[in-house]
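Worksheet for the structure shown next.
The values are calculated or read from the model by the stated rules, or taken from the named source; none is laboratory data. In this text the structure is predicted, and so the values were computed from the model without any measurement. No Cβ is skipped: glycine too gets one built from the backbone with ideal geometry, and neighbour counts run over all protein chains shown. SASA here: full protein model, heavy atoms, side chains in, ligands and nucleic acids out. Shrake-Rupley method; radii C 1.70, N 1.55, O 1.52, S 1.80 Å.
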Amino acid sequence: MMDRIVEPELLDALPWNHPEALRARADLRRVNLLMNNSKALAEYLRMYLPQFTSPSPHLRIVEIGAGDGTVLLAVARRLRRLGVTGDVIMMDRHPVFSDDTKAAFAALGWKVDLAVADVLEDLDSTFASADVVMANMFLHHFQDAQLTRIFAQLQKKTNLVVACEPRRSRPVMMAGKLLWLLGCSALTRHDGALSIRAGFREKEMSSLWPDREGWELMEGSANLFNHGFVARRRAMQ
Ligand SMILES: C[S@@+](CC[C@H](N)C(=O)[O-])C[C@H]1O[C@@H](n2cnc3c(N)ncnc32)[C@H](O)[C@@H]1O
């Protein structure tokens, strides 16, 4: 299988409110809905957060590279059904969080803070601590050395990191060629192929985690198309 190659995606170079960028984010919402990553992410939280054993769990969740927040909202809806409430910080370098999404969090009784910030520069100043840091379709943007730097920062701020990222495999590459069937734009189809080539397989994310002694690392298939990653501090067990 080909090596991991990280190349700049077209969406990242466009102004956030460019019509092509808005269309690409709408495409992403449809793709995320189809892939149902929110199910895998909510399940990781349920399995690995000790708060779930308390009668009315309350979680502090940070999502890095949160985009318009619709995936985190879907996770929150799943957790709300289990009686969980939360405070969330959605961090993205573009101000793409929609008012509808903010209102939907409020309707669930969840508090949302938005941080327009760069994960490579501002992670330290954006939040002090969280029960869990989540990423969806985000970590593949970074080179291995950058990921190790990001992970090193996260290790200081949380006991649990969960992620869903593209799986770098031939079948997923083939499936990516069918994005046009979902009505995705040329830009989304281009970035989709790049994302898969920058995606992960086997234990690649685990191998980049700085403290492999003190953390339990789980990595593998999250669903048909995506690769899941969970890092949990051992002292939590
Ligand atoms: C492929 S989108 C995924 C968005 C969202 N997680 C989802 O699944 O819909 C990647 C997001 O990462 C953001 N991003 C890229 N590089 C970033 C950085 N260095 N710091 C913060 N956000 C970044 C982009 O603005 C974009 O919203």
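Here the Gaussian network model covers the chain, with springs between Cα atoms less than 10 Å apart; of GLY220, GLY83, GLY67, GLY83 fluctuates the most. Both numbers refer to the Cα atoms of segment 85-237; Rg and Dmax are 16.5, 47 Å.
In segment 134-228, a dipole from Cβ-located charges (positive for Lys and Arg, negative for Asp and Glu) runs towards its positive end, and of GLN146, GLY176, ILE196 it is GLY176 whose Cα lies farthest in that direction. Only the Cβ atoms of Lys and Arg (+1) and of Asp and Glu (-1) were treated as charged; on that basis the dipole of the chain about its Cα centre amounts to roughly 860 debye. A dipole drawn for the chain from +1 and -1 charges on Cβ atoms has a positive end, and of ILE5, VAL84, ALA186 the residue lying farthest that way is VAL84. Straight-line reach from LYS177: taking Cα to Cα under 17 Å and skipping same-chain neighbours fewer than 8 places apart, the aspartates and glutamates in range are GLU9, ASP27, ASP191. Probing with 1.4 Å while keeping every protein chain in the model, the per residue accessible area of segment 10-236 equals 45 Å². Straight-line cross-link reach from LYS111 at under 18 Å between alpha-carbon atoms covers these lysines, not counting any fewer than eight positions away in the same chain: LYS102.
Each Cα pair under 8 Å and six or more residues apart adds its separation to the average, and for the chain the resulting relative contact order is 24 percent.
The 3J(HN,Hα) values that the Karplus relation (6.51, -1.76, 1.60; θ = phi - 60°) gives for segment 174-189 are, in residue order, 5, 4, x, 6, 9, 4, 4, 5, 8, x, 6, 6, 4, 4, 5, 5 Hz. Gly and Pro appear as x. Residues of segment 97-134 with an amide N closer than 18 Å to a point placed 7 Å from the Cα of ALA26 along the Cα-to-Cβ direction: 97-101. Over what distance in Å are the Cα centres of segment 192-215 and segment 60-89 separated? Cα centroid of segment 192-215 versus Cα centroid of segment 60-89: 23 Å apart. 3J(HN,Hα) couplings calculated from phi for segment 40-57 with the Karplus curve 6.51 cos²θ - 1.76 cosθ + 1.60 (θ = phi - 60°) are, in sequence order, 5, 5, 5, 5, 4, 5, 4, 6, 10, 9, x, 4, 5, 8, 7, x, 9, x Hz; Gly and Pro show x.
Placing pseudo-labels 7 Å out from each Cα toward the beta carbon at ARG93 and LYS157 gives an inter-label distance of 1.5 nm. Here HIS94 sits with roughly 40 square angstrom of accessible surface, probe radius 1.4 Å. For the pair SER129 and ASP211, a Förster radius of 25 Å applied to the C-beta separation gives a FRET efficiency near 0.90, rounded to the nearest 0.05.
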